[in-house]
Amino acid sequence: MPAPTLTTPRLTLRAHTMDDLDALCDLFATDRARFMGGPVSRKDAWRWIASEVAMWDLLGHGPWGIEDRDGQFLGQIGLFKPPHFPELELGWTLLAQAEGQGYAFEAALAARNWAAEQGHTTVVSYIDPANSRSIALAERLGAIHDPQAALPAGETASDTVVYRHALDTDGSPEAYA
């Protein structure tokens, strides 16, 4: 299944292209990737991105590239469930220049609505406890800390906190206000 294209008032969520690779590899090579298991080499970033993109064909969900209405690549939003994740995760990462403008919030709402349309009633976000920006975004999205949720294999509560998202199935546009 190829990644569907989703649109919001300001964004397009679309399948990744090779044009996204340099920006994502550059991001994953920096300290900004520390909350996602990085920094990682370009070679490892390539494998990481390729495996996430392959999730669409293997699992029916995966990452979207986020771009603004001018076609500027802003980052990634996705629904992930690799074998070591006990639940479907809503995850995000933005390029530095795209932060602080509400793009992650808007893209996350679109991805959550799509998950609801596919029949999911909940998704989680696995977040490093030191990642205050991602925790703030999860809470802004209405996610609730779920200390009883299972963690990804090999992780502990000092590595990961789980935020649970109840899915809004009406997809109403006021969510993007």
Output for the stretch 73-84, where each listed residue is part of a loop (DSSP other than H, G, I, E, B) and under 14 Å from the mean Cα position of the chain (by Cα):
Lys81, Pro82
Is there a residue being part of a strand (DSSP E or B), within 24 Å of Ala149 (Cα to Cα) and touching a strand residue (DSSP E or B) at 6+ places or on another chain (Cβ under 7 Å) anywhere in the stretch 60-72?
yes
If you scan the stretch 110-136, which residues turn out to be within 24 Å of Asp68 (Cα to Cα) and out of contact with any strand residue (DSSP E or B) (no Cβ under 7 Å at 6 or more places or on another chain)?
Asn113, Ala116, Glu117, Arg133, Ala136
Within the bounds of the stretch 26-37, is there any residue that is modelled with pLDDT of 90 or more and of a type in the set (Phe, Trp, Tyr)?
no
Is the stretch 29-38 home to any residue that is outside any helix (DSSP H, G or I), of a type outside the set (A, V, I, L, M) and at negative phi?
yes
Scanning the stretch 31-48 residue by residue, the ones that are touching a residue at least 24 places away in the same chain (Cβ under 8 Å) and more than 22 Å from Gly154 (Cα to Cα) total 2
Check on Glu99, under 19 Å from Met36 (Cα atoms), among the acidic types (Asp, Glu) and modelled with pLDDT under 95
yes
Among (1) free of Cβ contacts under 8 Å to residues at least 60 places away in the same chain; (2) assigned to a strand (DSSP E or B); (3) out of contact with any helix residue (DSSP H, G or I) (no Cβ under 6 Å at 6 or more places or on another chain), which single condition is Thr93 missing?
(1)
May I ask you to list the residues in the stretch 8-19 that are buried (at least 16 other Cβ atoms within 10 Å of the Cβ), farther than 15 Å from Gly91 by Cβ and within 15 Å of the chain's Cα centre (by Cα)?
Leu11, Thr12, Arg14
Can you pull out every residue in the stretch 26-80 that is among the polar types (S, T, N, Q) and surrounded by 14 or more Cβ atoms within 10 Å (Cβ to Cβ)?
Gln76
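The values are calculated or read from the model by the stated rules, or taken from the named source; none is laboratory data. These figures come from a predicted structure and were not determined experimentally. Here Cβ is always computed from backbone atoms with ideal geometry, including for glycine, and neighbour counts include all displayed protein chains.
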